[in-house]
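K.L.:
Sending over a structure as structure tokens; questions will come in a sec.
The values are calculated or read from the model by the stated rules, or taken from the named source; none is laboratory data. What you see is a predicted model; the values in this text were computed from it and never measured. Because the Cβ atoms are built from the backbone with ideal geometry, glycine has one as well, and the counts that use them run over all protein chains shown.
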């Protein structure tokens, strides 16, 4: 593990995304992609115009499921560093109950197929949509499972949090565990959530008469109920749903590739909505399907608050809406036996989440400007600077689980209240920064001529609270 000096093919962008034109038509703007969540809501204004508008408005308003999750989130949440900004969790849910059962009867729990965090800046002049790959290997905190029990903290794929919180069949509980997991691993405070399930997505596409996609290669995927030839075509029903779900039968088979297809579909859905939603009947069919499959937190439930959210997005300039994916790399780089999951790339992931927490705009170019370092290439000496026996060994286990190479443990020369990260001079600055950015306790790495050679020294102080991820 210690032989890695970098990370092959680091992923910092928004997944595969085609440029140029499609059948001579320009691609919709980046702002258009987020219209998946906003355009339909704005269209309710059309319904308010007629004599029946009020009745339809109330019916649509009543479609939306509201969930009060404050008790499930508990205490110890991240501090809201920028109260004027908003972080909203967007979840594409593939619960296997009811009409969704055909998509995987072997899965008895609720599943999250898509996870994104929408950040809206306090000044409403920019926004960012951050995709969290479902195969991200993170720590899942203890969660209320909705059946009177609480789960045990453990490491697993990030999307498992939705299933853990949704054991009782409650989308709100599933979202609550997902929020706890995201907050625990990013330090971001999540203000609201919106979930949309399989049937809602399919109904929205069908209400628009289908959407146009342009796969570069033929796709034949039995699991996703998908059989498509290469080239541009209009899809709806199972084909549209299968296209956003397919994974192993196209491209490199990764969740990163699927994120790119999902963003393509968001783009196509937004473009078709702008063309199609011109009459009250079309608008109602679209919104009726969408709202029946939506669950939000209590504060966001209803057409009026969702319209307010959409309105905040309308004034954001085209070039100030950024789509990002958490920087990541295959976990097998650090743990050769794990060929199924990904690790978040530090210090880039820390840079991303810290910027959003402090309401600072960030771009793909900024994230890509820092060289990549695999956790396994960071060799760490852990010293116990606390009065707790065995603390160094316990921290060493955490580091090894996260993929770091622990060379040795021991006791610090003296007790300390502050956790520190030190390194000798000679090219280990980035490795030290990668480790320091992973600590929940802020620590600025610095050079120490007395530090052990060729390794990063982590001296654990009494303020140590663990690692992100």
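Condition check ((1) within 32 Å of the chain's Cα centre (by Cα); (2) touching a residue at least 60 places away in the same chain (Cβ under 8 Å); (3) closer than 16 Å to residue 399 by Cα) across all residues:
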residue	(1), (2), (3)
411	no, no, no
417	no, no, no
428	yes, no, no
431	yes, no, yes
441	yes, no, yes
445	yes, no, no
460	yes, yes, yes
463	yes, no, no
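K.L.:
Do the conditions hold for residue 319, that is, is it closer than 24 Å to residue 138 by Cβ and not assigned by TED's automatic domain parsing to the domain that holds residue 394?
P.N.:
On the way: closer than 24 Å to residue 138 by Cβ: no; not assigned by TED's automatic domain parsing to the domain that holds residue 394: yes.
No, not satisfied.
K.L.:
Among the residues of the stretch 213-233, which ones are surrounded by 15 or more Cβ atoms within 10 Å (Cβ to Cβ) and part of a strand (DSSP E or B)? Before you say what the answer is, go through the steps one by one.
P.N.:
Initially, the stretch 213-233 is screened for residues surrounded by 15 or more Cβ atoms within 10 Å (Cβ to Cβ), giving 213, 215, 219, 221, 224-226, 228.
213, 219, 221, 226, 228, listed by residue number.
K.L.:
Counting just the residues of the stretch 131-158 that are part of a strand (DSSP E or B) and in contact with a helix residue (DSSP H, G or I) (Cβ under 7 Å, 6 or more places away or on another chain), which one comes out surrounded by the fewest Cβ atoms within 10 Å (Cβ to Cβ)? Before the answer, list the steps.
P.N.:
We begin by selecting, within the stretch 131-158, every residue part of a strand (DSSP E or B); these are 131, 136-140, 144, 150, 154-157.
So of that shortlist, the ones also in contact with a helix residue (DSSP H, G or I) (Cβ under 7 Å, 6 or more places away or on another chain) come out as 131, 137-140, 144, 155.
Numbers: 131: 24, 137: 23, 138: 22, 139: 19, 140: 23, 144: 23, 155: 13.
The residue in question is 155.
K.L.:
Turning to a different aspect of this structure: Kindly indicate whether any position in the stretch 330-343 is surrounded by 15 or more Cβ atoms within 10 Å (Cβ to Cβ) and under 17 Å from residue 88 (Cβ atoms).
P.N.:
No - not one qualifying residue is present in the stretch 330-343.
K.L.:
Residues of the stretch 346-372 being touching a strand residue (DSSP E or B) at 6+ places or on another chain (Cβ under 9 Å), surrounded by 15 or more Cβ atoms within 10 Å (Cβ to Cβ) and in a loop (DSSP other than H, G, I, E, B), which ones?
P.N.:
Selection gives 359, 361, 362, 372.
K.L.:
Filter the stretch 401-441 for residues that are within 21 Å of residue 345 (Cα to Cα), out of contact with any strand residue (DSSP E or B) (no Cβ under 7 Å at 6 or more places or on another chain) and either in the same structural domain as residue 333 (by TED's automatic domain parsing) or outside any helix (DSSP H, G or I) (or both) and give the result.
P.N.:
Matches in the stretch 401-441: 427, 437, 441.
K.L.:
Could you tell me whether residue 398 is outside any strand (DSSP E or B), at pLDDT 95 or above and within 20 Å of residue 354 (Cβ to Cβ)?
P.N.:
Numbers: outside any strand (DSSP E or B): yes; at pLDDT 95 or above: yes; within 20 Å of residue 354 (Cβ to Cβ): no.
No; evaluated as a whole, the condition is false for this residue.
K.L.:
From the list 209, 169, which residue is part of a loop (DSSP other than H, G, I, E, B), surrounded by fewer than 22 Cβ atoms within 10 Å (Cβ to Cβ), in the same structural domain as residue 341 (by TED's automatic domain parsing) and touching a helix residue (DSSP H, G or I) at 6+ places or on another chain (Cβ under 8 Å)?
P.N.:
209 is the lone residue from the list that is part of a loop (DSSP other than H, G, I, E, B), surrounded by fewer than 22 Cβ atoms within 10 Å (Cβ to Cβ), in the same structural domain as residue 341 (by TED's automatic domain parsing) and touching a helix residue (DSSP H, G or I) at 6+ places or on another chain (Cβ under 8 Å).
K.L.:
Let me ask something else. Can you pull out the residues in the stretch 323-337 that are farther than 18 Å from residue 366 by Cβ and assigned to a loop (DSSP other than H, G, I, E, B)?
P.N.:
334, 335, 336, 337 - these are the residues of the stretch 323-337 that are farther than 18 Å from residue 366 by Cβ and assigned to a loop (DSSP other than H, G, I, E, B).
K.L.:
So is residue 467 touching a strand residue (DSSP E or B) at 6+ places or on another chain (Cβ under 7 Å) and touching a residue at least 60 places away in the same chain (Cβ under 8 Å) or not? Break it down into steps so the answer makes sense when it comes.
P.N.:
Details: touching a strand residue (DSSP E or B) at 6+ places or on another chain (Cβ under 7 Å): yes; touching a residue at least 60 places away in the same chain (Cβ under 8 Å): yes.
In short, yes.
K.L.:
Being under 22 Å from residue 345 (Cβ atoms), at pLDDT below 95 and touching a strand residue (DSSP E or B) at 6+ places or on another chain (Cβ under 9 Å) is the filter here; which residues of the stretch 442-464 pass it?
P.N.:
Here is the first cut: in the stretch 442-464, the residues under 22 Å from residue 345 (Cβ atoms) are 442-445, 455-456, 458.
Going one step further and asking which of them are at pLDDT below 95, we end up with 442-444.
Result: 443, 444.
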